[in-house]
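The values are calculated or read from the model by the stated rules, or taken from the named source; none is laboratory data. For clarity, every value in this text was computed on a predicted model and none was experimentally measured. For neighbour counting, all protein chains shown are included, and Cβ atoms are generated from backbone atoms with ideal geometry for every residue, glycine included. Calculation scope for accessible area: heavy atoms of the full protein, side chains included, ligands and nucleic acids excluded. Shrake-Rupley method; radii C 1.70, N 1.55, O 1.52, S 1.80 Å.
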Amino acid sequence: MTSTAIDFTGVSEDATNLRDMMDGVLERVQAVFQSYNVNLPNRQYWTMGDPAIDCEQLVVSFVQMYLGTPGAQVGEPQRCHVPRSATLNISISRATPVVGPSGRPPSPEKIQIASETLAYDAWVLMESINLLDQWDETGYGIGVIATLEVGSPEGGFQTTTLTVTMAVP
């Protein structure tokens with residue numbers, strides 16, 4: 001089933017803030033990886049909700065948005081004019097060695113080589129937070145919250161995920 005094409009002409013510019021942020025996060029992550037000379041998978045996009053991990057890919061996925069600055073107590077009342085914050089997952093999925101057709105496990109060398117790539121991904125993703133808190137020429141924004149983890153191999157892929165909460169510009 002394909003989605004219905006929706007005409008967005010005439011949509012208020014204010015309604016594009018989240019879309020623009022998602023575009024900007026993807027572009028900033030691409031730029032950081034390029035600056036470190038670390039190749040990214042060819043498939044790169046952003047999405048709302050959890051992505052399918054069916055190939056090597058870079059995905060920025062929307063988790064939630066709330067009223068208040070990053071780290072603000074969500075249970076405390078906020079005025080409507082305060083910043084909105086969004087929590088995003090920035091994930092890089094890479095092929096990982098799997099059990100071969102004969103049932104033999106992958107060699108330790110193959111596992112370590114794949115892990116080296118994941119270590120580069122983890123470092124560079126965490127370094128990307130320096131660009132994710134800069135939304136204009138004046139310098140740093142109001143701050144971010146970031147955690148990073150590498151998941152277990154699953155279906156021939158292993159994913160490094162940076163979870164970041166940041167202000168929606």
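By the Kirkwood approach, averaging reciprocal distances over each pair of separate Cα atoms, the range 29-71 gets a hydrodynamic radius of 12.4 Å. The antiparallel fraction among DSSP beta bridges confined to the range 1-95 stands at about 60%. With both residues required to sit in the chain, DSSP beta bridges show an antiparallel share near 85%.
Positive end of the charge dipole of the chain (Lys, Arg +1 and Asp, Glu -1 on Cβ, about the Cα centre): tell me which of 120, 21, 33 has its Cα farthest that way. Ranked along the dipole, the leading option is 120.
Heavy-atom accessible surface of the range 3-91, averaged per residue, reaches 64 Å², computed with a 1.4 Å probe.
Students sometimes get this wrong: rank 149, 127 by accessible area, probe 1.4 Å, all chains present, largest first.
Details: 149 125, 127 55 Å².
Putting 149, 127 in descending order of accessible area: 149, 127.
Ligands, DNA and RNA aside, residue 133 has an accessible area near 20 Å² when probed at 1.4 Å.
Provide Rg over Rh for the chain; use the alpha carbon set for both Rg and the Kirkwood Rh (inverse mean inverse pair distance).
Expressed as Rg/Rh, it is 1.03.
If Lys and Arg each add +1 and Asp and Glu each add -1, what is the summed charge of the other residues whose beta carbon sits under 14 Å from the beta carbon of residue 54? Here the count lands on -1.
Looking at the range 1-96, the chymotrypsin sites (Phe, Trp or Tyr not before Pro) that sit in a DSSP loop and have at most 15 other Cβ atoms within 10 Å of their own Cβ are 8, 36.
As a length-normalised measure over Cα pairs under 8 Å and 6 or more apart, the relative contact order of the chain settles at 23 percent. Just the protein heavy atoms count here, and of the accessible area of the chain at 1.4 Å, carbon and sulfur take up 53 percent. Rounded, prolate or oblate: pick one for the range 82-169, where a ≥ b ≥ c are the square roots of the eigenvalues of its C-alpha gyration tensor, a/c under 1.5 means rounded, and failing that, prolate if a/b is larger than b/c, else oblate. Verdict is prolate for the range 82-169.
Just so you know, the Rg over Rh for the range 27-101 is 1.14, from Cα atoms, with Rh as the Kirkwood radius. With R₀ set to 30 Å, the beta-carbon distance separating residue 102 from residue 38 gives a calculated FRET efficiency near 0.35. Placing +1 on the Cβ of every Lys and Arg and -1 on the Cβ of every Asp and Glu, with nothing else charged, gives the chain a dipole about its Cα centre of roughly 380 debye. The amide H of residue 68, built 1.01 Å from its N in the peptide plane, has 84, 85 as neighbours under 5 Å, considering only residues 5 or more places off or on other chains. Farthest toward the positive end of the dipole of the range 86-153, out of 98, 140, 87, is the Cα of 98, where the dipole comes from beta carbon charges about the Cα centre.
Here residue 120 sits with roughly 120 square angstrom of accessible surface, probe radius 1.4 Å. Rounded to the nearest 0.05, what FRET efficiency do residue 18 and residue 130 give with R0 = 25 Å and r taken as the Cβ-Cβ distance? Could you check? After rounding, the FRET efficiency stands at 0.70.
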